[in-house]
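Here's the structure, in structure tokens; my notes come after.
The values are calculated or read from the model by the stated rules, or taken from the named source; none is laboratory data. Computed from a predicted model, the values in this text were never measured in an experiment. Here Cβ is always computed from backbone atoms with ideal geometry, including for glycine, and neighbour counts include all displayed protein chains. Surface areas here come from the heavy atoms of the whole protein model, side chains and all, with no ligands, DNA or RNA. Shrake-Rupley method; radii C 1.70, N 1.55, O 1.52, S 1.80 Å.
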Amino acid sequence: MCGIVAYVGGRDSVPVLLEGLARLEYRGYDSAGIAVLGRGGDLRVRKVKGRVADLAADLPARLKGSPGIGHTRWATHGEPSDENAHPHSCGPIAIVHNGIIENADELRAKLAAAGAQFASETDSELVAHLIAAGPDGDLEEAVRLALKQVVGTYGLAIIDTRSPDRIVVARNGSPVLLGIGDKEMFAASDVAALVRYCRQVVHLDDGEIATIRADGFRTSTLDARRTTKQAAVIETDATSYDADGHAHFMHKEIHEQPQVVERVLRGRLDDRFATAHLGGLNMDPREARAIRRVKILGCGSAYYSGLLGAQLIEELARVPADAEPASEFRYRSPVIEEGTLYIAVSQSGETYDTLAAVQEVKRKGGRAIGVINTVGSTIARECEGGVYLHAGPEVSVTSTKTFTATATVFALLALHLARIRDLSPADGQRIVTGLRQLPGQIAEILAMEEEIAAAAKDFAEYPGMFFIGRVRGWPVAREGAQKLKEVSYLHAEAYPASELKHGPLALVGPALPTVAVLPEDELLEKNLGTLGEIRARQGRVLVIGHSGVAGRVTDDVLVVPRNEPELDPILLSVPLQLLAYHAAVALGNDVDKPRNLAKSVTVE
């Protein structure tokens with residue numbers, strides 16, 4: 001992985017490829033490269049360890065041609081280097097590849113025995129050799145024969161000097177989409193690379209191959225059966241991927257949250273029946289009432305939003321609910337229970353572990369719906385229904401606005417299920433009113449940025465932090481620790497406040513501060529007791545809580561507006577985003593591109 005761009009048409013491909021790769025920088029990468037067929041029909045490859053800007057600076061002014069393919073790499077096989085960067089070539093063939101070839105060792109031994117010599121440590125280069133060994137003059141068939149030998153995941157784009165009018169692309173477990181232009185065609189792993197050039201896209205499914213030429217495309221399976229595809233309209237435009245004067249995309253996206261939550265709620269609240277309308281669930285009231293358990297599946301921040309969502313569903317709808325990392329789910333041979341609703345959460349809709357979990361649920365006869373931000377994505381198409389976030393593109397690797405949007409969607413889903421079951425109209429209206437207050441209250445928290453930034457700068461001087469919370473505050477603490485470690489690189493660990501004395505308290509002392517999530521709820525007294533245990537060991541505390549809490553503690557406090565108790569966790573999460581952001585800025589880190597991380601994880 002990480003990013004693919006391809007172009008075939010009448011214009012010079014190099015500027016298109018560089019622009020597309022620059023649009024994919026937010027996904028995280030360590031090297032970049034392009035390959036084009038020059039005007040003389042020769043294959044020209046340039047690649048570097050480093051940024052797209054480094055690649056652009058390395059290109060000769062006379063490098064022009066079409067078709068062309070480009071790639072940003074996030075290392076899986078082989079360290080970041082010029083040699084391991086993509087594209088990889090073999091004779092007349094050049095390829096770019098996202099994914100992992102699981103039988104790479106077997107293929108490498110077979111190819112080496114046949115005399116192949118390799119220029120890199122990557123598994124991807126093997127695919128170029130396999131294709132080059134295929135029949136001359138039929139690139140699509142050569143790709144098909146090569147991929148029948150491959151075990152693993154791939155998103156591929158291939159050019160061949162012997163077929164200068166086309167590009168072949170293929171997909172299995174790693175996203176590839178086609179962009180339809182005016183007498184030109186594009187391909188990419190992410191719509192962000194295409195928004196400046198076209199308005200219609202076609203999403204490939206797993207096991208599909210497409211041949212694209214300037215005048216159109218055709219798709220087929222690995223067994224050469226033709227497939228029919230329907231084009232979709234791109235909902236976003238290029239301006240969605242601009243920072244709009246903010247120093248970082250993460251900062252911009254944190255500040256977009258009042259508008260994002262307004263969009264999430266728009267048209268979904270029903271005052272007459274004190275409920276929420278979620279038509280995309282494709283589930284009538286009888287089916288909804290038959291749900292006996294809810295299992296939420298996600299990775300990283302999507303998992304933590306699922307923990308928050310499970311708490312909301314249990315508390316409001318009184319349906320047993322829990323969240324589990326999608327990356328672990330299918331490997332424990334899960335029991336798929338009748339009456340259980342499985343919910344897949346993913347910003348990109350392409351997270352491989354989550355997709356695999358959905359496929360495991362479906363294979364065993366379960367019902368899966370999605371909470372997804374990206375329309376037309378693979379997980380969205382794999383699920384039987386669901387809810388789109390409509391949060392807009394999230395460019396920073398660190399999730400902020402989609403976490404808040406996802407938590408808000410779970411509040412809507414919990415309200416919807418609760419009102420079908422036993423939640424009273426009065427309590428339903430209480431939640432509806434609270435949801436409507438969220439955008440304004442988030443804006444109030446963002447207005448505290450200067451105060452939060454000062455606290456972040458102060459606490460960034462420590463080597464790490466504990467985060468604690470109890471019941472409603474526990475998912476917030478986990479997400480807060482995730483944010484801090486992602487962008488500041490400080491060690492951050494979250495524990496339930498009730499568990500501190502069962503082991504972690506041994507680490508508490510003057511050198512390790514604690515961030516305590518303390519809503520003013522029925523557990524406040526117990527939480528205040530936990531703070532006493534920390535203070536007794538000279539531990540410093542930063543409290544994230546309500547005004548009533550501030551008057552009862554002597555610690556540093558960031559006061560958050562109070563909503564309904566069930567909805568407070570959504571608001572308590574926001575200052576922790578700003579805390580992480582400003583800690584990272586104080587430490588001089590590359591906020592939007594945290595080291596070792598990628599935006600959309602499409603490999604295991």
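General remarks:
- The set of residues from the stretch 264-297 being over 20 Å from Ala426 (Cβ atoms), of a type outside the set (A, V, I, L, M, F, W, C) and out of contact with any helix residue (DSSP H, G or I) (no Cβ under 8 Å at 6 or more places or on another chain) comprises Arg266, Gly267, Gly279, Gly280, Asn282, Asp284, Arg286, Glu287, Arg292, Arg293, Lys295.
- Selection within the stretch 94-118 - more than 32 Å from the chain's Cα centre (by Cα) and aliphatic (A, V, I, L, M): Ala109, Leu111, Ala112, Ala113, Ala114, Ala116
- Residues that are in contact (Cβ under 8 Å) with a residue 24 or more places away in the chain and part of a strand (DSSP E or B) were ranked within the stretch 221-245; the one that is least open to solvent (accessible area, probe 1.4 Å) is Ala232.
- Looking only at the stretch 360-404, residues that are crowded, with 23+ Cβ neighbours inside 10 Å, closer than 22 Å to Val487 by Cα and small (Gly, Ala, Ser) come to 3 in all.
- Any hit, the stretch 468-486, residues being over 19 Å from Phe403 (Cα atoms) and surrounded by fewer than 21 Cβ atoms within 10 Å (Cβ to Cβ): no
- Selection of first residues in the stretch 488-504 that are under 15 Å from Asn527 (Cβ atoms) and of second residues that are at pLDDT 85 or above and among the aromatic types (Phe, Trp, Tyr), restricted to Cβ pairs under 6 Å at least 6 apart or on distinct chains, gives the following pairs, ordered by first then second residue: Ala494/Phe467; Pro496/Trp474.
- Residue in the stretch 178-207 that is farthest from Ala142 (Cα to Cα), counting only those that are open to solvent by less than 10 Å² (accessible area, probe 1.4 Å) and assigned to a strand (DSSP E or B): Val201
- All positions within the stretch 54-64 that are open to solvent by 40 Å² or more (accessible area, probe 1.4 Å) and either farther than 19 Å from Ala193 by Cα or touching a residue at least 24 places away in the same chain (Cβ under 8 Å) (or both): Ala56, Ala57, Asp58, Pro60, Ala61, Arg62, Lys64
- Residue selected from the stretch 529-545 under the condition of a type in the set (A, V, I, L, M) and open to solvent by less than 30 Å² (accessible area, probe 1.4 Å), by the criterion nearest to Pro569 (Cα to Cα): Ile544
- Output for the stretch 199-219, where each listed residue is in contact with a Ser or Thr (Cβ under 6 Å, 6 or more places away or on another chain) and not basic (Lys, Arg): Gly207, Glu208, Ile209, Ala210, Thr219
Here's the yes/no breakdown for (1) of a type outside the set (D, E, K, R); (2) open to solvent by less than 30 Å² (accessible area, probe 1.4 Å); (3) touching a Lys or Arg at 6+ places or on another chain (Cβ under 7 Å); (4) assigned to a helix (DSSP H, G or I):
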{"site": "Gly306", "(1), (2), (3), (4)": "yes, yes, no, yes"}
{"site": "Gln311", "(1), (2), (3), (4)": "yes, no, yes, yes"}
{"site": "Glu314", "(1), (2), (3), (4)": "no, no, no, yes"}
{"site": "Ala323", "(1), (2), (3), (4)": "yes, yes, no, no"}
{"site": "Glu328", "(1), (2), (3), (4)": "no, no, no, yes"}
{"site": "Pro334", "(1), (2), (3), (4)": "yes, yes, no, no"}
{"site": "Glu338", "(1), (2), (3), (4)": "no, no, no, no"}
{"site": "Ala344", "(1), (2), (3), (4)": "yes, yes, no, no"}
{"site": "Glu350", "(1), (2), (3), (4)": "no, yes, no, no"}
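- Leading residue by the ranking (nearest to Ala456 (Cα to Cα)) among those in the stretch 516-545 that are basic (Lys, Arg) and in a helix (DSSP H, G or I): Arg535
- Candidates Leu281, Leu265, filtered to the one that is at pLDDT below 95, under 23 Å from the mean Cα position of the chain (by Cα), open to solvent by less than 40 Å² (accessible area, probe 1.4 Å) and closer than 29 Å to Thr400 by Cα: Leu281
- Test for Asp160: is it surrounded by 24 or more Cβ atoms within 10 Å (Cβ to Cβ), of a type in the set (D, E, K, R), within 24 Å of Arg39 (Cα to Cα) and touching a residue at least 40 places away in the same chain (Cβ under 8 Å): yes
- Of all residues in the stretch 452-467, those satisfying the criterion of being in a helix (DSSP H, G or I) and either exposed (fewer than 14 other Cβ atoms within 10 Å of the Cβ) or aliphatic (A, V, I, L, M) (or both) are Ile452, Ala453, Ala454, Ala455, Ala456.
- Condition check for Leu417: in contact with a Lys or Arg (Cβ under 8 Å, 6 or more places away or on another chain) and open to solvent by less than 10 Å² (accessible area, probe 1.4 Å): no
- Residue match in the stretch 221-231 (condition: of a type in the set (A, V, I, L, M, F, W, C), within 23 Å of the chain's Cα centre (by Cα) and closer than 30 Å to Gln259 by Cβ): no
- Criterion violated by Ala142 - all others in (1) open to solvent by less than 10 Å² (accessible area, probe 1.4 Å); (2) touching a Leu at 6+ places or on another chain (Cβ under 7 Å) satisfied: (2)
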